[in-house]
Amino acid sequence: FDALMGELGMYGIMKPHPMAPRHDHQELVNSSTWTNADLAREGYRLYDLLAHADLLLTDHSSVWIDFLLTQRPMVFAISDRHEYETGRGYYFDDLDALLPGPIVADVAALEGALGEALQQPDPWVDRRHEALGEHHVHVDAGSADRVADLVAELLVDRR
């Protein structure tokens, strides 16, 4: 991963899933690995990283639905797709139609997809916009206010 980032002139931050085997924080030349504990120690959350990311490289994780709000490119690295489909399974029937970015299964395809991800014109912009409407009712910064209003309304109704 570090070598690939260097070849592409990118810097990558890997954030393993909390249930993944433990990885110690690593700083390499073109990438670093951060766990939840590493982020917390530095005063960050995953969403602080996502807010500044130029693109998201992910697998089956639903974090892409949150990242849709940025409308930035995504690449889906899913090398175990068949095993996942026949094991745990997906919530959706047609993964290719659902995901708003290329799905890659090996390093060669990953290199190509990452190299193209930040190029213009962006072939996935329309699909990301469509997916945004499919997965998000609100796309503004007012969610906390809506939750507070709902809680206040519920408290008033209970009186």
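Taking the 0 to 90 degree range and rounding to the nearest ten, how far is the long axis of helix 107-117 tilted relative to the main principal axis of the chain, both from C-alpha atoms?
Computed tilt is about 60 degrees.
What is the set of long-range amide H partners of VAL104 at a cut-off below 5 Å, with H atoms built 1.01 Å from backbone N?
For VAL104, the qualifying residues are PHE76, ALA77, ILE78.
For LEU46 and ALA144, FRET efficiency with R0 = 25 Å and r from the beta-carbon atoms, rounded to 0.05? The partial results should precede the final answer.
Details: r = 18 Å, r/R0 = 0.71.
Approximately 0.90, to the nearest 0.05.
Extending each Cα 7 Å along its Cβ direction at ASP54 and ASP106, get the distance between those two points in nm, one decimal.
According to this spin-label approximation, the distance is 2.7 nm.
What ranking of SER143, SER79, SER31 comes out by heavy-atom accessible area, probe 1.4 Å, highest first? Write out the running numbers ahead of the final one.
On the way: SER143 60, SER79 95, SER31 0 Å².
Reading off the accessible areas and sorting them downward yields SER79, SER143, SER31.
Send over the semi-axes of the chain's equivalent ellipsoid, whole angstrom and largest first, taken as the square roots of 5 times the C-alpha gyration tensor eigenvalues.
Numbers: eigenvalues 179, 90, 59 Å².
Whole-Å semi-axes of the equivalent ellipsoid: 30, 21, 17.
Roughly how many nanometres apart are two label points built 7 Å out from the Cα toward the Cβ at LEU155 and GLN120?
4.8 nm
Considering only protein heavy atoms, with the full assembly of protein chains and a 1.4 angstrom probe, order MET74, MET14 by accessible area, largest first. Please report the intermediate quantities before stating the final value.
Working: MET74 5, MET14 70 Å².
Listed by decreasing accessible area, they come as MET14, MET74.
Where does each of ARG127, ARG146, ARG158 land when they are ordered by accessible area, with a 1.4 Å probe and the largest first?
Details: ARG127 35, ARG146 75, ARG158 205 Å².
Heavy-atom accessible area, descending, gives ARG158, ARG146, ARG127.
Whole Å is fine, so just give me how far the alpha carbon centre of segment 91-130 lies from that of segment 1-57.
After rounding, the separation between the Cα centres reads 20 Å.
Around MET14, which amide H atoms from residues at least 5 apart in sequence, or from another chain, sit under 5 Å from its own amide H, with H modelled in the peptide plane?
Hits under the 5 Å cutoff: SER32, THR33, TRP34.
What residues have an amide H closer than 5 Å to that of LEU57, excluding those fewer than 5 places away on the same chain, when H is modeled at 1.01 Å from N in the peptide plane?
VAL75
If R0 is 22 Å, what FRET efficiency do you get for HIS129 and GLU85 from their C-beta distance, rounded to 0.05? All intermediate terms of the calculation are to be shown ahead of the outcome.
Working: r = 27 Å, r/R0 = 1.22.
According to the calculation, E is roughly 0.25.
So what J values fall out for segment 26-33 if you push phi through Karplus, 6.51 cos²θ - 1.76 cosθ + 1.60 with θ = phi - 60°, rounded to Hz, Gly and Pro as x?
10, 10, 10, 6, 10, 7, 8, 10
The values are calculated or read from the model by the stated rules, or taken from the named source; none is laboratory data. Everything numeric in this text was worked out from a predicted model, so none of it was measured. Ideal geometry is used to build each Cβ from the backbone, glycine not excepted, and the neighbour counts take in all protein chains shown. Please note that ligands, DNA and RNA were not included when accessible areas were found on the heavy atoms of the full protein model with its side chains. Shrake-Rupley method; radii C 1.70, N 1.55, O 1.52, S 1.80 Å.
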